[in-house]
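K.L.:
I'd like to ask some things about the structure below.
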Amino acid sequence: MPERIGKYTMRFKNPPSILGYASVVGKKEGEGPLGKLFDLCHNDTSLGETSWEKAESRLQNEAVNIALDKAGLQNTDMDCIFAGDLLNQCISSTFGLRGLDIPFLGQFGACSTMAQTLSLASIFVESGAARKAAAVTSSHFCSAERQFRFPLEYGGQRTPTAQWTATAAGSVIVGTEEPKEGKKITVQAVTIGRISDLGIKDMNNMGAAMAPAAAQTLTDYLHDTGTSPDEYDLILTGDLGLVGSELMEELLEKENIQISSRHNDCGLMLYDREAQDVHAGGSGCGCSASVLCSTILQQMSQGQLHNVLFIATGALMSPTSSQQGESIPGIAHLVYLKA
């Protein structure tokens, strides 16, 4: 069973292994700096489907199937799957995965969903509740714009603090055995985040809304484990983008925690900010999921990274809460990965 360390962190006595992982992205993401590292890059935004929502569901389905194939497994080998997305009632997950016939546990953590699903899959495997579990999430620029902001036809201006929702999905298969190839990557510990809300209401500045949660969760983990940032090769945040990354580092510096030498953000890695005109960087569930399930896990598998703190961040708002004038609460979950 997981062992609780301090107040907020669970450490695994028998750390589960990552058996397979996959990333599937759209055209813009495939044209970015990580384009050659994704398992599948589509050459159009619709993916050949009749709606943006169906396209997003396809991203999830493909990510899970490719991850299963890389792990040498079938859908029938899986005991459960944790999945979520940004759309109302998590329909991308439901409709994308309904044909796999795997016991399904839907999740909503906004853009923190990759860390949330991976944490829960790992807890299930380590505790014996599942022998093999999958974690997956996705986002799509067009489906998110339609739900949270304006239809694309509106042609609204985007502010400099705005981020670009990734058309992407990532999936991880967790189990107890050795991976088919590469170095063994294990989930050593997880820290479940607390809701943080400093009153930010600007939906075009998600980084500012999520930065306090990321700083809070990392501080909780370091305090619980008695470790320092220097003990990790990489501290990877979810999609704070440029604004949120700077704010997080500033908040941590006030607590005498320095991470700038080993911190990077998925929202800054996925795109070329200047050439691709994504303003403050990338966002969306698929942003951190696709970056984790491509370059990060690949580098760990090849022995280039050994100790990684993955902190996916999310903005826990909805169109309804925004229309009612509510603030944007933030959340961040941490997963400690070791190769």
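K.L.:
Which ³J(HN,Hα) values in Hz, rounded to whole numbers, follow from the phi angles of the range 263-275 under the Karplus curve 6.51 cos²θ - 1.76 cosθ + 1.60, where θ = phi - 60° and Gly and Pro get x?
P.N.:
9, 9, 10, 4, x, 9, 8, 6, 10, 8, 4, 7, 5
K.L.:
Counting alpha carbon pairs within less than 8 Å and at least 6 residues apart, what relative contact order, in whole percent, applies to the range 256-339?
P.N.:
23
K.L.:
Looking only at 90, 293, 285, which one moves most when the chain is put into a Gaussian network model with springs between Cα atoms under 10 Å?
P.N.:
Judging by the Gaussian network model, the answer is 90.
K.L.:
Quote the charge dipole size of the range 186-338 about the Cα centre in Debye, to the nearest 20; the model charges only the Cβ of Lys and Arg (+1) and of Asp and Glu (-1).
P.N.:
360
K.L.:
Further question on the same structure: Out of residues 5 or more away from residue 263 or on other chains, whose amide H comes under 5 Å of its own, with H placed 1.01 Å from N in the peptide plane?
P.N.:
Here the answer is 235, since their amide H atoms fall under 5 Å of that of residue 263.
K.L.:
Related question: With an 8 Å cut-off on Cα pairs and a minimum separation of 6 or more residues, tell me the relative contact order of the range 16-175 in percent.
P.N.:
32
K.L.:
Set Lys and Arg Cβ to +1 and Asp and Glu Cβ to -1, take the dipole of the chain about its Cα centre, and tell me which of 329, 25, 225 lies farthest positive.
P.N.:
225
K.L.:
Is there a quick way to get the dipole size of the chain? I mean about its Cα centre, with the Cβ of Lys and Arg at +1 and of Asp and Glu at -1; what is the value in debye to the nearest 20?
P.N.:
The calculated dipole for the chain is roughly 540 debye.
K.L.:
Give 70/180; 27/54; 7/184; 183/338 a once-over and call out the pairs whose C-alpha atoms are over 18 Å from each other.
P.N.:
Flagged as over cut-off: 7/184.
K.L.:
Here is a further query. List the residue ranges in the chain for DSSP H helices whose C-alpha atoms run 24 angstrom or more along the long axis and whose Kyte-Doolittle average is 0.0 or above.
P.N.:
The qualifying helices are 206-225.
K.L.:
Residue 227 to residue 45: FRET efficiency via 1/(1 + (r/R0)^6), r the Cβ-Cβ distance, R0 45 Å, to the nearest 0.05?
P.N.:
The value I calculate is 0.60.
K.L.:
So in the chain, what percent of DSSP beta bridges are antiparallel if you round to the nearest 5?
P.N.:
Antiparallel bridges: around 65 percent, rounded to the nearest 5.
K.L.:
Shifting gears a bit: So who's got an amide H within less than 5 Å of the one on residue 305, skipping anything under 5 residues away but keeping other chains? H placed 1.01 Å off N, in plane.
P.N.:
300
K.L.:
Fewest first, what order do 56, 255, 274 take by the number of other Cβ atoms within 10 Å?
P.N.:
274, 255, 56
K.L.:
How do 219, 237 line up, fewest other C-beta atoms within 10 Å first?
P.N.:
If I rank by nearby Cβ atoms, fewest first, I get 219, 237.
K.L.:
Oh, and also: Any idea what the dipole of the range 16-175 comes to, in debye rounded to 20, about its Cα centre with Lys/Arg Cβ at +1 and Asp/Glu Cβ at -1?
P.N.:
Dipole magnitude for the range 16-175 comes out near 200 debye.
K.L.:
If you don't mind, there's one more thing I want to ask. For a quick check: with amide H placed at 1.01 Å from N, whose amide H comes under 5 Å from residue 20's, ignoring anything fewer than 5 positions away on the same chain?
P.N.:
Long-range HN contacts for residue 20: 173.
K.L.:
Based only on other Cβ atoms within 10 Å, what is the fewest-to-most ordering of 64, 24?
P.N.:
64, 24
K.L.:
Related question: State the extension gain, in nm to one decimal, for the chain segment bounded by residue 304 and residue 74, taking 0.36 nm per residue of separation less the distance between their alpha-carbons.
P.N.:
79.9 nm
K.L.:
In whole Hz, what ³J(HN,Hα) sequence does the range 27-32 give by Karplus (6.51, -1.76, 1.60; θ = phi - 60°), x for Gly and Pro?
P.N.:
5, 5, 5, x, 8, x
K.L.:
Based on alpha-carbon centroids, what's the gap between the range 85-128 and the range 249-300 in Å, whole number please?
P.N.:
The distance from the Cα centre of the range 85-128 to that of the range 249-300 comes to 22 Å.
K.L.:
How big is the Rg/Rh ratio for the range 186-338, C-alpha atoms only, Rh by Kirkwood, two decimals?
P.N.:
That ratio equals 0.96.
K.L.:
Radius of gyration and Dmax for the range 1-129's Cα atoms, expressed in Å?
P.N.:
Taking only Cα atoms of the range 1-129, I get Rg and Dmax of 15.9, 49 Å.
K.L.:
Starting from the 7 Å offset along Cα-to-Cβ, what nm value, one decimal, do you get for the label separation of residue 3 and residue 323?
P.N.:
With each label point 7 Å from Cα toward Cβ, the separation is 5.1 nm.
All of the numbers you see were taken from the coordinates with simple rules; none came from a lab. The shown structure was predicted, so the numbers you read here are calculated from the model rather than taken from an experiment. Here the Cβ is made from the backbone with ideal geometry for all residues, glycine too, and neighbour counts use every protein chain on show.
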